[in-house]
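Report on the structure given below.
The values are calculated or read from the model by the stated rules, or taken from the named source; none is laboratory data. Given the structure is predicted, the values throughout are model-derived calculations rather than measurements. Reconstructed Cβ throughout: ideal geometry from the backbone, glycine too, with neighbour counts over all protein chains shown. Surface areas here come from the heavy atoms of the whole protein model, side chains and all, with no ligands, DNA or RNA. Shrake-Rupley method; radii C 1.70, N 1.55, O 1.52, S 1.80 Å.
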Amino acid sequence: MAVDLSREDKITHVPTHVGIILDGNGRWAQRRGLPRLRGHEAGAKNIGPVVAYLEQCQVKYVTLYAFSTENWKRPEDEVRGIFSILQKVIDSRLDEVCQRGVRLRHLGRLQGLPERLQASITKAVEQTADNTGLTFSLAFNYGGRTEILDAVRRIMTEAVKPQDINEELFHKYLYTSGMPDVDLIIRTGAELRISNFLTWQSVYSEFYFTEVLWPDFSRDDVDEALLSYSSRQRRFGGL
């Protein structure tokens, strides 16, 4: 009689770099008759357990898309609330993150964010810069097209010769410099798009979409995404 393997046993290989588009916080709250910010608070609480489990699964890089350059269009009180929630999470979890050897990176523009939030992000990035464990990147005030334009501006400012520009050099000017391209992108909340996330780095990513809202995204859901990834054959344009 065949043995029914667990999901973990069926995951034969895991991605090196996982990106997650955190979607569904507001709808999670609304379905419960709660203010939208309660959903963002629930979503923030779910970041730690999911990232820790991905680390346990031997994923080396995790990038979370938490606030896009387009999210400024949301109501001002919601935007301010998201900023406050992020700052509290960073300030309260930094010591724990350091003890685990996690390296924190920020992808996006600091300009425009509240000064206190900028200071918290900068402190976290600097304090964990020499850590050698999981690299956890927070894409906050991030847009893929903006990242590419910022890279082009830096290249022009440094007067790089056109004949010297290739993909390897261009990558060094991106926010993700030194990181591998993203292998698996997970989007929660039932939407079927990537919303300007890691535009350059996702050209050969595998995608996994789920109807589960981000605050409810669990270890079992992580297993389902990793199992789906493990079942695919990546050819990168070859046979």
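Which of (1) among the small types (Gly, Ala, Ser); (2) without any contact (Cβ under 8 Å) to a residue 40 or more places away in the chain; (3) within 27 Å of PRO15 (Cα to Cα); (4) open to solvent by 20 Å² or more (accessible area, probe 1.4 Å) does ALA124 not meet, given it meets every other one?
(4)
Quick one: what pairs do we get from the stretch 40-60, first residue in contact (Cβ under 8 Å) with a residue 12 or more places away in the chain and among the acidic types (Asp, Glu), second crowded, with 20+ Cβ neighbours inside 10 Å and part of a loop (DSSP other than H, G, I, E, B), C-beta under 6 Å, 6+ apart or different chains?
These pairs meet every condition: GLU55/LEU134.
When you scan the stretch 72-84, how many residues do you find that are assigned to a helix (DSSP H, G or I) and open to solvent by 30 Å² or more (accessible area, probe 1.4 Å)?
Qualifying residue count for the region: 6.
Which residue, of ILE155, ILE186, ILE165, ILE148, is out of contact with any Asp or Glu (no Cβ under 7 Å at 6 or more places or on another chain), without any contact (Cβ under 8 Å) to a residue 60 or more places away in the chain, within 25 Å of ILE82 (Cβ to Cβ) and of a type outside the set (D, E, K, R)? Spell out how you get there, then give the answer.
Numbers: ILE155 fails: within 25 Å of ILE82 (Cβ to Cβ); ILE186 fails: without any contact (Cβ under 8 Å) to a residue 60 or more places away in the chain; ILE165 fails: within 25 Å of ILE82 (Cβ to Cβ).
Of the residues listed, the single one that is out of contact with any Asp or Glu (no Cβ under 7 Å at 6 or more places or on another chain), without any contact (Cβ under 8 Å) to a residue 60 or more places away in the chain, within 25 Å of ILE82 (Cβ to Cβ) and of a type outside the set (D, E, K, R) is ILE148.
Quick test for you: out of GLU191, GLU147, GLU211, GLU168, pick the one residue that is assigned to a helix (DSSP H, G or I) and open to solvent by 50 Å² or more (accessible area, probe 1.4 Å).
Sole residue among the options that is assigned to a helix (DSSP H, G or I) and open to solvent by 50 Å² or more (accessible area, probe 1.4 Å): GLU168.
Mind checking which residues of the stretch 98-110 are closer than 19 Å to PHE197 by Cα and in a loop (DSSP other than H, G, I, E, B)?
GLY108, ARG109, LEU110
Among the residues of the stretch 188-219, which ones are closer than 27 Å to LEU149 by Cβ and either modelled with pLDDT under 95 or of a type in the set (S, T, N, Q) (or both)?
Residues satisfying the conditions are SER195, ASN196, THR199, GLN201, SER202, SER205.
Given the condition at pLDDT 95 or above, assigned to a loop (DSSP other than H, G, I, E, B), within 15 Å of GLY19 (Cβ to Cβ) and of a type in the set (Val, Ile, Thr), answer yes or no: does some residue in the stretch 220-237 qualify?
No; the residues of the stretch 220-237 include none that is at pLDDT 95 or above, assigned to a loop (DSSP other than H, G, I, E, B), within 15 Å of GLY19 (Cβ to Cβ) and of a type in the set (Val, Ile, Thr).
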